[in-house]
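The values are calculated or read from the model by the stated rules, or taken from the named source; none is laboratory data. Keep in mind that this is a model prediction, so the values were computed, not measured. FYI the Cβ positions are ideal-geometry reconstructions off the backbone, even for glycines, and counts take in every protein chain you see. Quick note on the areas: whole protein, heavy atoms, side chains included, nothing else; ligands and nucleic acids left out. Shrake-Rupley method; radii C 1.70, N 1.55, O 1.52, S 1.80 Å.
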Amino acid sequence: MAASTNSLISMQSRPGMAASRICSLKPVSVSNQGRSFLSFGFRSMPARSLRVSCAAKPETVEKVCEIVKKQLALAEGTPVNGESKFTTLGADSLDTVEIVMGLEEAFGISVEEESAQSIATVQDAADLIEKLVEKKD
């Protein structure tokens with residue numbers, strides 16, 4: 001008995017070699033030995049160029065940190081940086097909405113609801129702000 005999962009697994013290639021993908025994964029069960037095997041085939045993929053997006057400017061991250069500290073009324077000396085998660089800092093969903101509103105006011109931007117829901121860290125917020133400010137200009 002064999003079944004195809006139609007899954008793809010990407011593999012890191014060595015420098016100078018084309019990227020490969022495993023295609024046509026087929027788990028195979030052999031009933032007389034009780035073992036399962038996985039058969040697969042390789043397919044070469046054309047090399048792709050990657051676009052690397054730079055992180056937000058340090059001053060944007062710092063300004064977001066200050067707004068987050070103010071909105072959450074964090075104690076003086078509470079460490080807040082780009083990796084800080086709003087939930088770890090004690091923010092609930094209402095706090096997050098207030099943070100986004102504070103960011104909109106401070107940076108003169110408007111954040112759509114879908115974008116606001118994807119913000120989990122200070123860095124996420126700073127990156128989104130830079131993107132929206134760039135679009136605005």
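Points to keep in mind about this one:
- Per residue solvent-accessible surface (Å²) - the stretch 58-134, probe of 1.4 Å: 60
- Each of Ser115, Ile67, Leu89 was scored by the projection of its Cα onto the charge dipole of the stretch 58-134, and the greatest displacement toward the positive side belongs to Leu89; charges sit on the C-beta of Lys, Arg, Asp and Glu.
- Between Lys85 and Ser110, the contour length at 0.36 nm per residue exceeds the alpha carbon distance by 6.9 nm.
- Lys, Arg +1 and Asp, Glu -1 on Cβ, resulting dipole of the stretch 58-134 about Cα centre, debye, nearest 20: 240
- Distance from the C-alpha centroid of the stretch 60-79 to that of the stretch 102-126: 15 Å, rounded to the whole angstrom.
- The length gained on full extension between Lys135 and Glu98, counted as 0.36 nm times the residue separation minus their Cα-Cα distance, comes to 11.0 nm.
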